[in-house]
Amino acid sequence: MKALNAVRFGDRELLPLVEGGKGISVTNHRSSGAWARTGGIGTVSAVNADSYDDEGRPIPQVYRARTRLGRHEELIAYAIEGAVQQIRRAFDIARDELLAGRGALNINILWEMGGAQRVLEAVLERTRGLVNGVTCGAGMPYRLAEIAARYGVFYYPIVSSARAFRALWKRAYARFAEWLGAVVYEDPWVAGGHNGLSNAEDPRQPQDPYPRVRELRQVMREAGLPDSLPIVMAGGVWYLREWEHWIDNPELGTIAFQFGTRPLLTQESPIPDAWKRKLTELKEGDILLHRFSPTGFWSSAVRNSFLTELEARAERQIAFSTEAAGDHQYELDVGVPRGKQRCYVTRDDLWRARTWAAQGFTEALRTPDNTLIFVTPEQRDAIRRDQADCMGCLSHCQFSSWKDHDDHTTGRPADPRSFCIQKTLQAIAHGGDPDRNLMFAGHSAFRFATDPFYSNGFIPTVRQLIDRILTGD
């Protein structure tokens with residue numbers, strides 16, 4: 001295994017190991033502070049992080065406003081306060097290393113989260129001198145460079161293609177080149193959480209990241225950026241020995257590595273013990289790349305009961321017309337309340353709908369695509385309640401039709417095939433059943449069960465994990 005040499009991120013030389021930021025209290029001050037203390041980049045998630053009371057207990061994020069806009073303002077206040085507290089606590093953990101330039105703290109933010117720009121600006125204003133960089137993905141964050149430069153921090157855009165970086169560079173980033181700390185390439189097929197698959201890419205056909213990163217480096221060279229500016233490889237990174245040919249490779253330039261999934265199973269990781277146990281039980285293929293997220297993005301998560309219910313919901317779906325036309329000649333006689341607009345379906349779909357109704361899926365809910373899905377009365381009530389309780393956690397939400405600006409609606413009907421992502425991520429992070437909530441993970445998570453490092457239930461500290469990673473294993 002080749003030795004990993006320190007590389008320059010912005011204004012400091014650091015170990016080329018980056019902690020992947022995971023939102024909703026999954027990457028918090030304990031994990032990111034410990035990572036920064038080892039000499040790498042610790043990443044505090046600024047996505048609705050926990051804040052604490054005077055006794056150090058997490059403050060439940062309870063929404064009291066009667067309107068979505070009111071709840072959205074409450075959410076932004078929670079997000080700002082939580083991120084500020086997490087950053088200050090992480091800084092205290094790694095204070096000596098950070099002040100000496102031997103480690104760094106970044107914050108991670110999703111551009112598609114509700115009020116992202118307001119949250120980012122407020123957090124950076126209140127944590128001047130504590131944060132070294134901002135890592136940002138989930139969308140095209142054109143204003144990221146301008147905001148980072150204004151507050152004197154470096155920016156780390158997350159991209160999944162050379163094309164995306166070229167667009168960001170030409171439109172906005174070229175004016176703030178001196179504040180570019182690194183470019184994060186996130187593999188859109190195997191990374192955990194939300195992924196950057198484009199409509200031109202087949203989700204069933206993963207591509208080798210090497211030529212894609214090589215193309216990214218070429219675009220960076222054409223932009224006049226030096227090979228010493230790191231590209232951070234994210235997604236699918238487990239054993240560094242499997243990436244040895246990337247290190248000191250003149251085709252790729254300087255390479256660093258981001259670990260998002262492995263830090264979930266450390267002593268400093270804040271996720272509940274039930275979640276940690278579940279990670280050690282996964283098998284290859286247990287992670288699903290799906291498109292149920294209300295963001296509209298593809299994302300990767302454990303295929304548990306939560307996801308299989310969404311898959312089943314989507315399969316109990318038929319197209320309809322409001323008038324008899326073409327093959328839609330049969331009036332639907334189940335699922336649709338009396339007195340409502342008539343729905344016409346094909347003969348085969350009529351029989352399918354009757355079968356579902358006989359199985360207890362008696363309620364038909366309309367989707368924005370002129371289809372109906374069939375659910376139980378209990379599922380219908382839960383969907384409607386979650387849609388009504390929307391707190392505006394996304395800039396655009398397919399599930400609730402919320403938008404965080406202008407008239408606060410996407411203009412499309414709410415989509416019952418999706419779910420309230422804020423609700424389920426808050427639940428799993430704070431003790432909810434990991435089988436009944438969304439459980440983000442990268443596609444290498446099954447390796448917890450096969451990696452001898454974790455034998456006999458061993459859970460390392462962050463320091464022990466870093467030391468292990470540096471051996472190539």
Quiz item: Based on the Kirkwood radius over alpha-carbon pairs, what is the Stokes-Einstein translational diffusion coefficient of segment 43-153 at 37 °C with 0.692 mPa s viscosity, in µm²/s?
Solution: 225 µm²/s
Exercise. For segment 242-254, take each phi angle, set θ = phi - 60°, evaluate the Karplus expression 6.51 cos²θ - 1.76 cosθ + 1.60, and give the result in whole Hz per residue in order, putting x for glycine and proline.
Key: 6, 10, 4, 6, 7, 7, 6, 9, x, 5, 9, x, 5
Exercise. Can you tell me the relative contact order of segment 230-314? Whole percent, Cα pairs under 8 Å, sequence separation 6 or more.
Key: 19 percent
Quiz item: Looking at [x] 1.08; [y] 1.01; [z] 0.95, which value of Cα Rg over 2.2 N^0.38 Å comes from a calculation on the structure shown?
Solution: [y]
Self-check item: Relative contact order [Cα under 8 Å, 6+ residues apart], segment 298-429, whole percent
Solution: 19 percent
Quiz item: Given the Cα-Cα distance of Asp248 and Asp433 and 0.36 nm per residue of separation, how much length would full extension add, in nm?
Solution: 62.2 nm
Quiz item: Ranked by Cβ crowding within 10 angstrom, fewest neighbours first, how are Leu394, Leu14 ordered?
Solution: Leu14, Leu394
Practice problem: Give the relative contact order (percent, whole number) for the chain; include only Cα pairs under 8 Å separated by 6+ residues. | Solution: 17 percent
Quiz item: So, by mean Cβ neighbours within 10 angstrom, what's the order for 191-200, 106-115, 151-160 with the highest one leading?
Solution: 106-115, 151-160, 191-200
Quiz item: So how strong a dipole does segment 428-469 carry about its Cα centre when Lys and Arg Cβ are +1 and Asp and Glu Cβ are -1, to the nearest 20 debye?
Solution: 100 debye
Quiz item: Which FRET efficiency value, to the nearest 0.05, do you get for Arg385 and Asn5 by plugging their Cβ-Cβ distance into 1/(1 + (r/R0)^6) with R0 = 45 Å?
Solution: 0.25
Exercise. On a C-alpha basis, how far is the centre of segment 88-153 from the centre of segment 181-197 in Å? Whole number, if you could?
Key: 19 Å
Quiz item: Antiparallel DSSP bridges in the chain: what percent, to the nearest 5?
Solution: 45 percent
Quiz item: Separation between the Arg338 and Glu13 pseudo-spin-labels, each 7 Å from Cα along Cα→Cβ, expressed in nm?
Solution: 8.1 nm
Practice problem: Quick one: go through segment 243-286 and flag any residue whose amide nitrogen is under 12 Å from the point 7 Å out along the Cα-to-Cβ line of Glu311. | Solution: 285-286
Quiz item: Listed here are the pairs Lys170/Lys423; Lys278/Lys423; Lys22/Lys283; Lys2/Lys170; Lys276/Lys423; Lys22/Lys278; which of them are more than 28 Å apart at the Cα?
Solution: Lys170/Lys423; Lys2/Lys170
Quiz item: Can you give the charge dipole size of the chain about its Cα centre, rounded to the nearest 20 debye, using +1 on the beta carbon of Lys and Arg and -1 on the beta carbon of Asp and Glu?
Solution: 440 debye
Exercise. Compute the long axis of helix 347-358 from its Cα atoms, compare it with the longest principal axis of the Cα atoms of the chain, and write down the angle in degrees, 0 to 90, nearest 10.
Key: 80 degrees
Quiz item: Given charges of +1 on the Cβ of Lys and Arg and -1 on the Cβ of Asp and Glu, with all other atoms neutral, how large is the dipole of segment 1-141 about its Cα centre, in debye to the nearest 20?
Solution: 200 debye
Quiz item: If one takes the longest principal axis of the Cα atoms in the chain, at what angle in degrees, from 0 to 90 and to the nearest 10, does the Cα axis of helix 162-171 lie?
Solution: 80 degrees
Quiz item: Could you state the number of Å between the C-alpha centres of segment 421-473 and segment 34-74?
Solution: 21 Å
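Each value in this text was obtained by applying a stated rule to the coordinates, not by laboratory testing. What you see is a predicted model; the values in this text were computed from it and never measured. Note that we place each Cβ from the backbone using ideal geometry, even for glycine, and neighbour counts take in every protein chain shown.
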